[in-house]
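S.K.: Can you keep this structure in mind? I'll have questions shortly.
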Amino acid sequence: MQYTAFFKRAICVLGLGAVLALPGFESAQAEEFVTIGTGGITGVYYPVGGAICRLVNKGRKEHGVRCTVESTGASVFNVNAIRSGDLSMGIVQSDTQYHAYNGGEQFEKAGPDKNLRALFSLQSEAFTLVARDDAKIKSFDDLPGKRMNLGDPGSGNRNTLELLMKEYGWTPATYKLATDLKPAEMAGALCDNKIDAYVYVVGHPNGSIKEAATTCNSHVVPVSGPKVETFMKKFPFYPEAVIPGGMYKGTDKDVQTFGPRATLLTSANLPDETAYQITKAVFANLEEFKKLHPALASLTPQEMLEGNSVPYHPGAVKYFKEAGLMK
């Protein structure tokens, strides 16, 4: 019996060694798992993260990278999770990216994180000014004396609007009425004639803006001009943005504005080859990627290199140089 047990153990060890020697086993062991932190399941970040993973996983037999997506509390949560090592990557607004790298705003206590790296930018989160037609608002300059929703205190909407107001020398007293409604309340307030206009920093198409466009006579207002150009130069994480005409009832022509971009952020800890393969998977299949969500439809390779304020990951740079997108 003792000899039988010995031979059984010997056969098991030899069998395991044979399996380990198989070519397929070694590649399976070397497969790398990465996770993208996104946002709420009903938002834009979650399906966009899923679109990235879909393209990465399409080629995982060749490059060995397996991608999964996780629903999270969005930008700030994702930055903190990348910092702690709980996430490989995260979709993060470009202004949040800037503050995290430099230790500003929400990250003052934690301090700057110089280990953050960018892969590429995604859809624009346009600074969208929506106004009632009868309010006679044709540009951002027409807002003084109007009933304006500034946004929920502490929100990205309000923070961006207040930065631009500072450039104009405005305060809440500049308006006839200044409210602090949340996004879910804005379209209703506009169509109930409680406010004249509201700002929403968001990707397009957007449900709230569609609601306002179809429920009452409203339109999207251009936000441009010399002061806006100065503002964008001062804050380069707010590049130009265009809201396509015809997307919303009452807004037939393209609307010029600005806004942060959603960006795919990681850290210097992500292996160079992994970063390269993820970047290549998206850029080499860009037309397919653009069809996976309406917010991605107008992306160009050049736009996907705009809005980042942290260093690019070396793996991404390698692909950009190969593709002629970067010198």
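S.K.: Which far-off residues, 5 or more places away or on another chain, put their amide H under 5 Å from the one on D254, with H placed in the peptide plane?
M.R.: Answer set, sorted by chain and number: G245.
S.K.: While we're looking at this one, here's another question. Over the Cα atoms of the chain, what is the Rg over Rh ratio if Rh follows Kirkwood?
M.R.: Radius of gyration relative to Kirkwood radius: 1.11.
S.K.: If I model the range 126-258 as equal point scatterers sitting on the Cα atoms and use the Debye formula, what is log10 I(q)/I(0) at q = 0.11, 0.14 Å⁻¹?
M.R.: -0.33, -0.55
S.K.: Need the C-alpha centroid separation for the range 55-95 versus the range 186-227, integer Å.
M.R.: 31
S.K.: Okay, moving on. I need the phi-derived Karplus couplings for the range 277-287: 6.51 cos²θ - 1.76 cosθ + 1.60, θ = phi - 60°, integer Hz, Gly and Pro marked x.
M.R.: Listing the rounded values in order: 5, 5, 5, 4, 4, 7, 5, 6, 10, 4, 4 Hz.
S.K.: Please list 3J(HN,Hα) in residue order for the range 231-238, calculated via the Karplus relation 6.51 cos²θ - 1.76 cosθ + 1.60 where θ = phi - 60°; whole Hz, with x for glycine and proline.
M.R.: 4, 5, 5, 5, 10, x, 7, 10
S.K.: Let me ask another. Under the 0.36 nm per residue contour assumption, what length would be gained going from the current alpha-carbon distance of A268 and D134 to full extension? Mind dumping the intermediate values first?
M.R.: Values: separation 134, 0.36 × 134 = 48.24 nm, distance 5.18 nm.
This chain segment gains 43.1 nm when fully extended.
S.K.: Any chance you could run the full-extension gain for N217 through K234? It's 0.36 nm times the residue separation minus the Cα-Cα distance, nm to one decimal.
M.R.: On the way: separation 17, 0.36 × 17 = 6.12 nm, distance 3.48 nm.
This chain segment gains 2.6 nm when fully extended.
S.K.: May I pose another question? Using helices alone, I'd like the mean residue ellipticity at 222 nm for the chain: each DSSP H run of four-plus residues gives -39500 (n - 2.57), total over residue count, nearest 500.
M.R.: -12000 deg cm²/dmol
S.K.: Enter the mean projected area of the convex hull around the alpha-carbon atoms of the range 176-238, in nm², rounded to one decimal. Spell out each step's value before the answer.
M.R.: Numbers: hull surface 21.6 nm².
That works out to 5.4 nm², a quarter of the Cα hull's surface.
S.K.: Can you return the aspartates and glutamates within cross-link range of K280? Criterion is Cα-Cα under 19 Å, with same-chain partners fewer than 8 residues away left out.
M.R.: E31, E32, E62, D272, E288, E303, E306, E322
Every number in this text was worked out from the coordinates using simple rules, so none of it is lab data. If you're wondering where the values come from, they're calculated on a predicted model, not measured in any experiment.
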